Amino acid sequence: MVFRFLMRYFANNEQLINRMAESYPMRRAAQIVVSLMYRAKDLAHETKLHEMSPDRFKSFMNLFKDNVKKEIEGVKDEIKKKKF
């Protein structure tokens, strides 16, 4: 109950939302999401994803998932280095 109240308060607090939106982690997360979206679009276009067999599609998705994990870890390391 208290958690729900706090979440409602935070969601309706415009100043807090603006502050969070202007913070580095939020901006960086948005940049990463957009970057990944464009990379996925380019990869799908280059590999002609709609023409792939199901097995090849699964291997492609696993490779893409691994690349996303590596990017996220790289950003985490970058943020840790900036903190210190």
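If the condition is being without any contact (Cβ under 8 Å) to a residue 12 or more places away in the chain and either in the same structural domain as R28 (by the TED database) or not charged (D, E, K, R) (or both), then the range 68-79 contributes only G74. The number of residues in the range 55-84 that are of a type in the set (K, R) and more than 19 Å from the chain's Cα centre (by Cα) comes to 5. Of the residues making up the range 49-65, at least one is open to solvent by 100 Å² or more (accessible area, probe 1.4 Å) and among the acidic types (D, E).
No other residue among R8, R27 is within 23 Å of K83 (Cβ to Cβ), part of a helix (DSSP H, G or I) and open to solvent by 80 Å² or more (accessible area, probe 1.4 Å) apart from R27.
The values are calculated or read from the model by the stated rules, or taken from the named source; none is laboratory data. Keep in mind it's a predicted model, so treat the numbers as computed, not measured. FYI the Cβ positions are ideal-geometry reconstructions off the backbone, even for glycines, and counts take in every protein chain you see. Each accessible area value is taken on the protein alone, full model and side chains, heavy atoms only, with ligands, DNA and RNA left out. Shrake-Rupley method; radii C 1.70, N 1.55, O 1.52, S 1.80 Å.
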